[in-house]
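This report refers to the structure that appears directly beneath it.
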Amino acid sequence: MNLQKTLSQAWSLQVKIIEILRTLKSLHDKAEAEKAKRDEQTDKKQSALEAEQSAQRREKDLEAQIEKSTRIRTRTQSLLESGQIVDVDSAQEQIDALTAQLESLEEEFLECLEEQDRQREAQLRYANFIELYTRSHREAVQVFQERNPVLTADREDLEEEIEKLLFPCSDKIRDHFEAYKFKHPQLVVALKASYCGYCSNRLPLDLVSEIRNTTNVYRCSTCRAFCIAD
């Protein structure tokens with residue numbers, strides 16, 4: 001058995017597995033991202049609804065205050081005009097204060113109505129986004145569900161091929177491959193002159209000669225990659 005060739009083939013298959021897992025993660029993340037966008041718009045829509053309801057409550061409070069102040073001003077004006085109030089100046093000051101208060105209340109009342117309109121418009125806008133992201137999320141989930149079984153089956157086939165390739169190898173080789181197959185960016189690497197092709201750790205010349213003249217491999221003492229002939 002050519003151990004260098006076997007490990008090189010096994011790593012090539014493992015790279016395909018890693019790519020499959022990245023693809024599945026990307027598809028899953030896409031669906032989750034669309035869901036997060038939808039949820040964000042849903043929260044904003046709820047906040048707009050609550051703001052509208054708050055403005056509606058304020059509208060009722062303002063209506064009651066306007067009604068009360070109008071009633072007091074009208075009664076005071078009536079009493080003043082009928083001569084039933086002795087302190088005319090104080091009564092007029094009260095009427096003027098109530099008039100100013102009513103102007104402020106009516107201005108706030110109009111702002112309250114405008115706020116309700118703004119919040120209703122915001123809810124419609126958020127509802128449109130919710131519909132958009134709901135559709136995008138549904139489509140992303142569908143793509144994931146369609147591709148997941150196929151890619152998973154491909155991954156299982158590749159894992160089976162790797163297992164068959166590594167079966168004749170020693171336990172140490174199989175265990176090392178298993179331990180680093182997802183941790184190491186380049187687990188099987190060709191020498192570069194007398195250096196590890198991944199981390200550039202310099203290997204003893206006798207080891208370099210052995211790797212090049214036999215099918216043996218060397219595990220780099222620095223990065224733990226399998227070093228094979230260049």
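The values are calculated or read from the model by the stated rules, or taken from the named source; none is laboratory data. Remember, predicted model here, so these are calculated numbers, not experimental data. Neighbour counts run over all protein chains shown; Cβ positions are idealised from the backbone, glycine included. These accessible areas exclude ligands, DNA and RNA; they are computed on the full protein's heavy atoms, side chains included. Shrake-Rupley method; radii C 1.70, N 1.55, O 1.52, S 1.80 Å.
Of note:
- Candidate cross-link partners of Lys192 among the aspartates and glutamates, defined by an alpha-carbon separation under 13 Å and a same-chain spacing of 8 or more, comprise Asp230.
- Accessible area expressed per residue, the stretch 148-219, with surrounding protein chains retained (probe 1.4 Å, Å²): 63 Å²
- Radius ratio Rg over Rh of the stretch 101-143, counting only Cα atoms, Kirkwood formula for Rh: 1.45
- Anisotropy class of the stretch 167-206 from Cα gyration tensor, a/c 1.5 cut: oblate
- Applying 0.36 nm per residue to the separation of Gln145 and Glu40 and subtracting their alpha-carbon distance, the gain on full extension is 35.4 nm.
- Here the convex hull built on the C-alpha positions of the stretch 103-230 has a volume of 213 cubic angstrom per residue.
- Debye-sum result for the stretch 8-97 in log10 I(q)/I(0), which assumes one identical scatterer on each alpha carbon, at q = 0.11, 0.17, 0.21 Å⁻¹: -0.65, -0.86, -0.99
- Candidates Pro168, Pro204, Pro149, ranked by Gaussian network fluctuation over the chain, Cα under 10 Å, top entry: Pro204
- The label-point distance for Thr152 and Arg22, in a model that sets each label 7 Å from Cα toward Cβ, rounds to 2.2 nm.
- Per residue accessible area of the stretch 1-45, 1.4 Å probe, in Å²: 57 Å²
- Alpha-carbon Debye profile of the chain, log10 I(q)/I(0) at 0.14 Å⁻¹: -0.94
- Simple label model, 7 Å out from Cα along Cβ direction - Ala33 to Ile95, nm: 6.9 nm
- Inter-centroid distance (Cα atoms) of the stretch 63-77 relative to the stretch 147-173, Å: 85 Å
- Bridgeable aspartates and glutamates around Lys35 (alpha carbons under 20 Å apart, same-chain partners fewer than 8 residues away excluded): Asp43, Glu131, Glu139, Glu146.
- Here the spin labels are modelled as points 7 Å beyond Cα on the Cα-Cβ line, and at Gln9 and Leu80 they lie 10.5 nm apart.
- Using the Cβ of Phe129 as centre and a radius below 9 Å, the other residues enclosed give a net charge of +3, where K and R count +1 and D and E count -1.
- Three-way shape label, the stretch 136-204, alpha-carbon gyration tensor, a/c 1.5: oblate
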